[in-house]
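Following: one structure in structure tokens, then a few remarks.
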């Protein structure tokens, strides 16, 4: 077994994360941005500016406008819920791997503990979401109307805790929908988020088979974050 010091581990990770030697081989473009996002296994984007800064540190010359162009025009990036169910920017080319891997893993315990939908209702909501966003970018309010129209009033019941408010029941299936590649984020409409289908961004999109996806994701993770123990 190879022994490494923490200094060596840190140096390796800084290099693999393009922080020691930023990716400056050519002028930044949407493809270059996506390559770096792929190399670090996604950029955390729960706050959009955090992702823009994360990418900018790794690709000198990158602007907020370039990251947004990669997302909404060139579509080399996709905004969706990735690891831990949090919002990430992922390389569009990696989305089949992520969806294949995330749908193969067991449902997180925190998600199982809040049972607001039966399995049958979840199936109905996922089908309604897929149908509603097939040809449109919809806000949460618009999506609620479309889902209720396709399933029934129960999907709109305000029963899900949302800070100091309540969300409609169908929101309980949102993580499963993004994890399964049914939905991803569309461009903001003013201050409101919109949602759309990944197949509108990537016409040939199809999840990678689970075992192959998990193997690819482990290799990607170890490249950026290794070395690691088997656990």
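Bear in mind these aren't lab numbers, they're just calculated from the coordinates by the rules spelled out. Since we're looking at a predicted model, the values are computed, not measured. As a convention, Cβ positions derive from the backbone with ideal geometry for all residues, glycine included, and neighbour counts pool all protein chains shown.
Points worth noting:
- A simple packing score, the average count of other Cβ atoms within 10 Å per residue, orders the peptides 213-223, 88-98 as 88-98, 213-223, with the highest score first.
- Rough spin-label spacing in nm, given labels placed 7 Å along Cα→Cβ, for residue 65 and residue 7: 4.4 nm
- One decimal place: the segment residue 103-residue 74 gains 7.8 nm when fully extended, by the rule 0.36 nm per residue minus the C-alpha distance.
- Residue 35-residue 228 pseudo-label distance in nm [points 7 Å out on the Cα-to-Cβ vector]: 2.5 nm
- Simple label model, 7 Å out from Cα along Cβ direction - residue 218 to residue 118, nm: 3.8 nm
- Whole-number D in µm² s⁻¹ for the range 143-231, Kirkwood Cα-pair radius fed into Stokes-Einstein, 4 °C, 1.567 mPa s: 80 µm²/s
- Taking the longest Cα principal axis of the chain as reference, the axis of helix 30-39 is set at about 80 degrees.
- For the range 113-188, the fraction of C-alpha pairs more than 20 angstrom apart is 23%.
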